[in-house]
Each structure stands twice: as structure tokens, then as C-alpha cells.
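Scroll down for the structure; my scribbles are underneath it.
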Amino acid sequence: MTTCIDGSFEALVAHTLLSHVDDPIVVLREAARLVRSGGMIGIFDGDYASLTFGHADSDKGQAYDNAVVSGVVTSPRVMRQMPRLVEAAELQLVTTFPYILAEIGKPIFGHQLLNPSADCYPKPAS
């Protein structure tokens with residue numbers, strides 16, 4: 001819980017936050033409290049249960065996948081639960097953008113997201 005008063009913000013962004021907390025609904029309810037009526041909450045996170053690394057030995061690859069997810073993420077399936085969580089927080093789901101980020105042969109996670117001209121961003125309507 002924060003010390004901010006109810007409705008302090010017009011918008012709030014939770015960027016790769018919900019997958020790292022024990023109880024995502026607590027965070028969503030706090031976000032709902034902090035945002036003014038009619039405000040927006042942007043949630044950007046991943047389906048870390050689908051995270052996979054390529055490895056010549058599939059058993060080792062699976063072990064590496066599991067080690068990374070269990071060491072970094074608390075709720076790897078939180079995005080799969082988002083419609084239910086949004087409803088439980090008494091929020092309204094306005095839209096979703098289901099993108100897949102695939103990096104092949106690059107050692108830098110999320111490198112594509114750092115490039116503002118990357119093809120992974122939605123294009124503005126013309």
C-alpha cells in the first residue's frame with residue numbers, strides 16, 4: 001500500500017511488476033484506488049510460463065528454463081489470469097495487445113523493445 005491519496009493519478013503503468021509479486025490482486029486493487037475515475041492502468045508483463053531457451057540437449061534446456069523462471073518470476077502465469085484478476089479488482093479490461101517477443105541468436109533479453117522503431121510496437125492509426 002502506498003501513502004498516496006485515492007484518485008491521485010490519471011494513469012498508472014505496471015511494467016513487468018505483476019509477475020514478480022506474491023499476490024497480484026493486491027497490486028491491482030491498489031492501482032484501482034490510486035487512479036481517478038475514468039483513468040487508465042497500463043499493464044505490461046509476460047507469460048513467463050512460456051519462456052524457453054534453445055539448447056542442443058532438450059533436458060538441459062528445460063532445466064535452464066525452469067531455473068530462470070523460478071529464480072526471477074513469482075507468478076509466471078499471471079497474464080493468463082489477467083481477465084479474472086481485472087474483474088476481481090473491479091476494473092474494466094479495455095483492450096489487450098498479445099505480442100510475442102522472440103529473440104534468436106541474441107544474448108540481450110528485450111533488445112527489440114529498446115528500439116523505438118522495432119516492429120513489435122503497434123502502429124498508430126492513420
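None of the figures in this text is laboratory data; all of them are computed from the coordinates on show. Since we're looking at a predicted model, the values are computed, not measured. Cβ coordinates were reconstructed from backbone atoms using ideal geometry, including for glycine residues, and neighbour counts include every protein chain displayed.
Values computed for the structure shown
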| item | result |
| --- | --- |
| Long-range HN-HN contacts of SER75 with modeled amide H, under 5 Å | HIS20, VAL21 |
| Two-site label geometry, ASP59 and ILE5: point separation in nm, points 7 Å out along Cα→Cβ | 6.3 |
| Burial ranking of peptide ranges 67-80, 23-36, 44-57, 84-97 (average Cβ count within 10 Å, highest at the top) | 23-36, 67-80, 44-57, 84-97 |
| Hz values of 3J(HN,Hα) by residue in region 50-58 - Karplus curve (6.51, -1.76, 1.60), Gly and Pro given as x | 9, 4, 8, 10, x, 8, 4, 9, 4 |
